[in-house]
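Asker: Mind having a look at this structure? Questions to follow.
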Amino acid sequence: MAGSPRRPALADTAYDIIRQRLMDHGIEPGSKMNIHALAGELGISPTPLREALVRLESEGLVVRRSLAGYTAATPLGRSGLDDLFGVRLLLEPTAAAHAATRATEADLLRLTEAVAGMRAAAEGTGDRAALLLHLRHNSVFHDRIALLSDNAFLRSALQSLYAHTHRYRLPPHERWAGETCTEHERILQAVREHDEETAAARMRTHLRRQRERLAEAATRD
């Protein structure tokens with residue numbers, strides 16, 4: 001019918017909504033996902049929803065088992081966490097170096113806004129909503145750096161890795177927020193100064209420290 005949404009657009013919308021819920025634990029790890037209930041909630045048919053779930057399965061965010069349907073994947077264990085950051089350490093310092101050479105004033109403004117948003121959320125109420133806002137600004141910062149790499153494959157790979165990292169941070173560990181803000185501010189400073197080597201080194205340091213923080217949580221939890 002003329003004017004009705006195309007199915008690919010509906011699948012994209014469902015993908016974005018469910019992906020965010022999985023990242024924020026709005027859909028709890030390990031919980032079963034009822035396709036018909038989700039489709040009704042989103043106001044779409046099950047077909048585009050299934051298409052969205054297939055994409056999420058390819059990213060490791062949901063798991064499909066024969067005769068059991070889809071469930072939300074659990075956050076990574078210590079081994080998976082090490083593997084994830086191993087790949088990020090290969091890719092993101094290079095992206096940061098490229099960002100330092102390519103960033104325009106408009107790009108720097110967006111990066112600055114993301115870091116300022118992180119800092120404001122970190123110094124806020126400390127509740128779950130504030131932490132989620134902090135994490136979303138964090139994701140925007142890293143995605144903007146990846147975008148400035150001018151490499152679509154690199155950015156796509158990193159977006160999947162960010163989703164897993166974001167999910168792992170919940171339940172909240174508020175004391176990390178200040179540390180991560182400072183590390184992002186130092187990366188931004190190097191990008192603003194168009195210092196490729198320092199931007200890469202500071203990104204590498206940030207990722208290593210973040211891996212240590214999350215490994216500590218894995219050991220404790």
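Asker: Treating the angle as unsigned and between 0 and 90°, give the value, to the nearest 10°, between the Cα long axis of helix 152-168 and the longest Cα principal axis of the chain.
Answerer: That helix lies at roughly 80 degrees to the long axis.
Asker: Sticking with this one: Pick out, in residue order, every one of the GluC sites (Glu not before Pro) in the stretch 99-161 that is DSSP loop and has at most 14 other C-beta atoms within 10 Å; say none if there are none. Before the final figure, lay out each step's value.
Answerer: On the way: sites: GLU105, GLU113, GLU123; in loops: GLU123.
Filter output for the stretch 99-161: GLU123.
Asker: Mind checking the angle between helix 46-58 and the chain's longest principal axis? C-alpha axes, 0 to 90 degrees, to the nearest 10.
Answerer: Compared with the principal axis, the helix lies near 40 degrees.
Asker: Taking the chain as the reference, fit the longest principal axis to its C-alpha atoms, fit the long axis of helix 128-148 to the helix C-alpha atoms, and give the angle between the two in degrees, 0 to 90, nearest 10.
Answerer: The answer is roughly 70 degrees.
Asker: Can you pull the percent of the chain's accessible area that's carbon plus sulfur, 1.4 Å probe, other chains left in place?
Answerer: Values: 5850 of 11070 Å².
Here carbon and sulfur together make up 53 percent of the probe-accessible area.
Asker: Just flag the chymotrypsin sites (Phe, Trp or Tyr not before Pro) in the stretch 10-101 sitting in loop per DSSP whose Cβ has no more than 10 other Cβ atoms within 10 Å. Intermediate values should be presented prior to the final figure.
Answerer: Working: sites: TYR15, TYR70, PHE85; in loops: none.
When the chymotrypsin sites (Phe, Trp or Tyr not before Pro) of the stretch 10-101 are filtered for loop state and at most 10 Cβ neighbours within 10 Å, nothing remains.
Asker: For the stretch 10-73, with the dipole built from +1 on Lys and Arg beta-carbon atoms and -1 on Asp and Glu ones, taken about the Cα centre, which of LEU10, MET33, LEU67 lies farthest toward the positive end?
Answerer: The residue sitting most towards the positive pole is LEU67.
Asker: Given a 1.4 Å probe, how much area per residue of the chain is accessible, in Å²? Working shown, then result.
Answerer: Numbers: 11070 Å² over 221 residues.
Value returned for the chain: 50 Å² of accessible area per residue.
Asker: Considering the chain as a Gaussian network with a 10 Å cut-off on Cα pairs, which listed residue, ALA106, ALA163, ALA129, attains the greatest mean-square fluctuation?
Answerer: Between ALA106, ALA163, ALA129, it is ALA106 that shows the largest mean-square fluctuation.
The values are calculated or read from the model by the stated rules, or taken from the named source; none is laboratory data. All values derive from a computational prediction rather than experimental measurement. Glycine gets a Cβ as well: all are built from the backbone with ideal geometry, and neighbour counts include every protein chain shown. For the accessible areas, the whole protein counts, side chains as well, though only heavy atoms, and no ligand, DNA or RNA atoms are used. Shrake-Rupley method; radii C 1.70, N 1.55, O 1.52, S 1.80 Å.
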